[in-house]
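Structure record follows, encoded as structure tokens.
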Amino acid sequence: MGYLDGFRITLKQMWGDRVTNVYPDEKRPKPDRFHGRHVLNRYEDGMEKCIGCELCAGVCPARCIYVRGADNPPDEPVSPGERFGFVYEINYLRCIHCDLCVEACPTEAITESKLFEFSFTDRQDAIYTKAELVVDDDGNPQKLPWEDWRPGDEQHTSAWVRATAPSGSAAYEGRVGWSGELGFGVRAPEKGQTAETDRAASAAPRKAKS
Ligand code: SF4
Ligand code: SF4
């Protein structure tokens with residue numbers, strides 16, 4: 001290719017549709033199932049959803065979650081039930097954002113936002129504590145100084161799929177279903193995966209495996 005051909009291609013591209021954007025000035029919408037930094041959700045009455053069961057830590061392939069449960073104080077329970085997450089830490093120097101912790105959690109306490117713009121100059125900052133992970137009183141993620149949150153980002157939760165029944169609902173037995181995330185408010189189920197369609201599918205007779 002001669003240099004004139006090169007100029008021609010360059011000039012053509014200058015006036016054509018751009019395939020790049022001006023990130024980081026503008027952020028592109030993330031895909032539905034994008035996995036970002038985690039949050040620990042609460043119920044609408046303020047109680048924490050985490051019951052300190054350690055299933056998330058047990059399933060994590062990167063071994064980056066540390067949980068220690070404790071008995072709920074009878075007079076001032078932190079979560080419904082017997083136990084709560086007394087210590088909860090995620091080490092983001094190791095997390096691979098596989099979402100297995102989210103799938104394992106029986107109470108939907110841990111979910112992921114879509115925020116990936118967080119970097120640290122101090123290794124200690126990479127270890128998120130429970131105080132940093134628990135959503136605020138409005139159910140939104142706390143915005144830490146080294147994170148790049150833009151207006152509306154907190155509404156973008158990771159749409160996630162779980163292989164077990166959400167909240168133990170028998171209607172979802174054996175079905176993959178989407179769940180609202182109360183910590184953020186209830187998110188609409190993904191198209192084609194409403195509770196109604198899943199219930200209908202569950203009720204339909206299953207074909208025998210050949
Ligand atoms: S997303 Fe995966 S690697 Fe990260 S904390 Fe959860 S289970 Fe561990
Ligand atoms: S986040 Fe979920 S799986 Fe992890 S300890 Fe809390 S309740 Fe158990």
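The values are calculated or read from the model by the stated rules, or taken from the named source; none is laboratory data. Treat the numbers as computed from the prediction; the structure is a model and nothing was measured. Don't worry about glycine lacking a Cβ; one is built from the backbone with ideal geometry, like all the others, and counts go over all protein chains shown. Note: accessible area is taken over every heavy atom of the protein model, side chains too, but ligands, DNA and RNA are not part of it. Shrake-Rupley method; radii C 1.70, N 1.55, O 1.52, S 1.80 Å.
Table for the structure above
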| quantity | calculated |
| --- | --- |
| Verdict on Glu76 being in contact (Cβ under 8 Å) with a residue 24 or more places away in the chain and either assigned to a loop (DSSP other than H, G, I, E, B) or within 19 Å of Gln142 (Cα to Cα) (or both) | no |
| The range 79-116, subset charged (D, E, K, R) and surrounded by fewer than 16 Cβ atoms within 10 Å (Cβ to Cβ), residue nearest to Lys143 (Cα to Cα) | Arg94 |
| Unmet requirement for Ala131, which otherwise passes all of (1) away from ligand 1 (no atom under 16 Å from the Cβ); (2) under 16 Å from the mean Cα position of the chain (by Cα) | (2) |
| Leading residue by the ranking (nearest to ligand 2 (Cβ to nearest atom)) among those in the range 61-77 that are within 15 Å of Val87 (Cβ to Cβ) and not acidic (Asp, Glu) | Val67 |
| All positions within the range 1-23 that are open to solvent by less than 90 Å² (accessible area, probe 1.4 Å) and either part of a loop (DSSP other than H, G, I, E, B) or polar (S, T, N, Q) (or both) | Gly2, Thr10, Gly16, Asn21, Val22 |
| Failed item, numbered, when Lys49 is tested on (1) farther than 30 Å from Pro151 by Cα; (2) modelled with pLDDT under 95; (3) of a type outside the set (A, V, I, L, M); (4) touching a Phe, Trp or Tyr at 6+ places or on another chain (Cβ under 9 Å) | (1) |
| Hits in the range 41-69 (condition: within 12 Å of ligand 1 (Cβ to nearest atom) and open to solvent by less than 50 Å² (accessible area, probe 1.4 Å)) | Cys56, Ala57, Cys60, Ala62, Cys64, Ile65, Val67 |
| Tally, over the range 82-105, of residues that are under 16 Å from Asn41 (Cα atoms) and more than 6 Å from ligand 1 (Cβ to nearest atom) | 11 |
| Scan of the range 32-41 for residues that are in a loop (DSSP other than H, G, I, E, B) and within 13 Å of ligand 2 (Cβ to nearest atom), ordered by number | Asn41 |
| Complete set of residues in the range 42-57 that are of a type in the set (A, V, I, L, M, F, W, C), in a loop (DSSP other than H, G, I, E, B), free of Cβ contacts under 8 Å to residues at least 60 places away in the same chain and within 12 Å of ligand 2 (Cβ to nearest atom) | Ile51, Cys53 |
| Pairs, first farther than 20 Å from Ala126 by Cβ and in contact (Cβ under 8 Å) with a residue 12 or more places away in the chain in the range 88-109, second open to solvent by less than 50 Å² (accessible area, probe 1.4 Å) and among the polar types (S, T, N, Q), C-beta under 7 Å, six or more apart | Glu108/Asn41; Glu108/Ser179; Ala109/Asn41 |
